Amino acid sequence: MPADKELLYNDYKATMRKIADVKYATAVLQWDQETYLPPKGAHFRGQQLATLSEIAHNMFTNEKLGKLLNELISKDLDAKQKKNVQLSLEEYNKLIRFSSDFVRKMSEITSASFHAWLEARKQNNFSVFEPALSALVGLKREEANILGYDAHPYNALINEFEKGATVAMADKIFADVTKPLLILLDEVKQKPFAEDRFLHQTFPKQQQWEWGIYLAKQLGFDFEAGRQDISEHPFTINFSSQDVRITTRIDEDDFKNMTWSTIHEVGHALYEQSLPADEYGLPSGEYASLSIHESQSRIWENCIGRGHEFWQFYFPKLQQYFPHQFNDVSVQQFMQAINKVQPSLIRTDADELTYHFHVMIRYELEKNLMEGSLQVKDIPVYWNEQYKNLLGVDVPDDKQGCLQDVHWSHGSFGYFPTYSLGSFYAAQFWEKAQSEIPELSSKIALQGDTGLLLHWLRSSIHIRGKYYSSEELCTLVTGKQLDSKVFVDYLRQKLNYL
Ligand SMILES: [Zn+2]
């Protein structure tokens, strides 16, 4: 590459890496805010986060970087370099529309909302969260206007999480999948009721913690490049591909909570730990999209972690960890219990089928909020009505209703649809992995070895960073576009097998 091109590209790389340094330093403070921060530290932490967000914003929107990107885009770069510059330029052109005042205000209001949400949960009262959430919704609508959109303000926000996604596309996907899922739910209701009381005995914290660490190691989580901690809401966050943090929560009366949230977050973490470290700070070192990220957590949580092959090997191990609780349980009973389909209140505890109804309710609610047809104060009533209509359950209080998810307090409107898309992508990747690796099932069942799947995911998805969009990646890896029918077929087959 001629010298000037090379110099310019190196200059770009160095700038992007410095911006990443500031962003990941911000992420460390966010991680700490949700794990170890003492309550009195909340105020100044909010200020520290706002200052760092502002610094990162000013670095990215610096005119010098804009000039550099515009110059580089016309050069004859190789394909990966070109893609990096193109994606960074898109980001630059988006960010320069926001003033640093707006960025600071968003960060401050978001931190305040998070603490208001925690307090509202403590008091089990949505009205404690309402003022902060109203301010945040106002700001998100302003954000949609600044970003610009066609057809619907919510389009601008979904696009932030899933590039290219629109209300029209999500409406269609949800409409296509609703009927088959309702039919499947009816079929399940005809079957005998699965007994799952043994999952609600007492499971001591320390034993659960050790079991979770054992599982994470078995699945390939690298504890030299990450760690696990406890938080009220499980999440994964990374400060580079060499430092990926996961959190879990432990409920002594519910075995399911910790085990599958750990497997889920390990799925996210395996993706982050496999991203190319030498591409730090560049789009080529980042995940493809949120729905692809979620596909990685869901493939491990559901296709592997709720699959019969996995428990054929791991159930005897589980019995060693919890002999009193599981010695009288057969692996067949265990499989039926952990895959029990039953409409419920809490999204993160939902079975693989009714999970998507939880997502659809949030999606419709957010759309209505953004277009102004629903007011923040009316959220609890709307929520409870929808849970009755779609899931047939009565919501007893706000904590088990509209206060259950952390997302809105983070300002994440437009995020929920990626959860369903992720599950649908996961089923499609799983189908393909099984057909390309014939020995996969027997390796898992006989040796508990999931390494072949991890290797396949790494080489077909992880190492590609952000080079492809979700749709492009799906077509490249599976040979076809996203098709929710694959998910419905996967689920029917699994539920029939039980
Ligand atoms: Zn997830």
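The values are calculated or read from the model by the stated rules, or taken from the named source; none is laboratory data. Worth saying up front: this structure is predicted, and the values here are computed from it rather than measured. When we count neighbours, we look across all protein chains shown, and the Cβ atoms used for this are built from the backbone with ideal geometry, even at glycine.
Residue-wise test of (1) of a type in the set (A, V, I, L, M); (2) over 18 Å from P153 (Cβ atoms).
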site: V341; (1), (2): yes, yes
site: E364; (1), (2): no, no
site: N384; (1), (2): no, yes
site: Y387; (1), (2): no, yes
| remark: Turns out the helices (runs of 4 or more DSSP H) fully within the range 123-205 with at least 3 residues that are under 24 Å from L353 (Cβ atoms) and at pLDDT 95 or above are 167-190
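State whether one or more residues within the range 373-389 are outside any loop (DSSP other than H, G, I, E, B), of a type in the set (S, T, Y) and touching a residue at least 60 places away in the same chain (Cβ under 8 Å). Walk me through it before giving the result.
Quick first cut of the range 373-389, residues outside any loop (DSSP other than H, G, I, E, B) only: 376-389.
Adding the requirement that they be of a type in the set (S, T, Y) leaves 382, 387.
From the residues that got through so far, the ones that are touching a residue at least 60 places away in the same chain (Cβ under 8 Å) too are none.
Within the range 373-389 (the criterion being outside any loop (DSSP other than H, G, I, E, B), of a type in the set (S, T, Y) and touching a residue at least 60 places away in the same chain (Cβ under 8 Å)), the answer is no, since none of the residues qualifies.
Taking the range 384-398, which residues are among the polar types (S, T, N, Q) and closer than 22 Å to D186 by Cα? Walk me through it before giving the result.
From the range 384-398, those among the polar types (S, T, N, Q) are 384, 386, 389; that's our starting set.
If the condition is that a residue be among the polar types (S, T, N, Q) and closer than 22 Å to D186 by Cα, then Q386, N389 are the ones that fit.
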| query | Would the range 315-334 turn up any residue that is within 25 Å of G422 (Cβ to Cβ) and either without any contact (Cβ under 8 Å) to a residue 12 or more places away in the chain or surrounded by fewer than 23 Cβ atoms within 10 Å (Cβ to Cβ) (or both)? | reply | no
| Pick from D176, D150: which is surrounded by fewer than 21 Cβ atoms within 10 Å (Cβ to Cβ), farther than 21 Å from I96 by Cα and among the acidic types (D, E)? | D176
| said: Condition (residue is within 16 Å of the ligand (Cβ to nearest atom), touching a residue at least 60 places away in the same chain (Cβ under 8 Å), surrounded by fewer than 21 Cβ atoms within 10 Å (Cβ to Cβ) and not in a helix (DSSP H, G or I)) applied to the range 390-401: is it met by at least one residue? | reply: no
| field | Of residues in the range 425-483 being of a type in the set (S, T, Y) and in a loop (DSSP other than H, G, I, E, B), the one nearest to H356 (Cα to Cα) | value | S469
| Quick check: anything in the range 94-107 free of Cβ contacts under 8 Å to residues at least 40 places away in the same chain and closer than 24 Å to G281 by Cβ? | yes
| request: Considering every residue within the range 302-310, establish whether at least one is in contact (Cβ under 8 Å) with a residue 40 or more places away in the chain, assigned by TED's automatic domain parsing to the domain that holds L476 and under 18 Å from C474 (Cβ atoms). | output: yes
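Could you please find all residues in the range 434-459 being within 23 Å of E279 (Cβ to Cβ), touching a helix residue (DSSP H, G or I) at 6+ places or on another chain (Cβ under 8 Å) and free of Cβ contacts under 8 Å to residues at least 24 places away in the same chain?
Within the range 434-459, just W456 meets the criteria.
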| query | Among strands (runs of 3 or more DSSP E) lying entirely in the range 223-264, which contain 1 or more residues that are in contact with a strand residue (DSSP E or B) (Cβ under 9 Å, 6 or more places away or on another chain), under 19 Å from F334 (Cβ atoms) and within 16 Å of the ligand (Cβ to nearest atom)? | reply | none
| said: Can you say whether K75 is at pLDDT 95 or above and either in the same structural domain as N238 (by TED's automatic domain parsing) or more than 21 Å from L147 (Cα to Cα) (or both), as far as the supplied structure shows? | reply: no
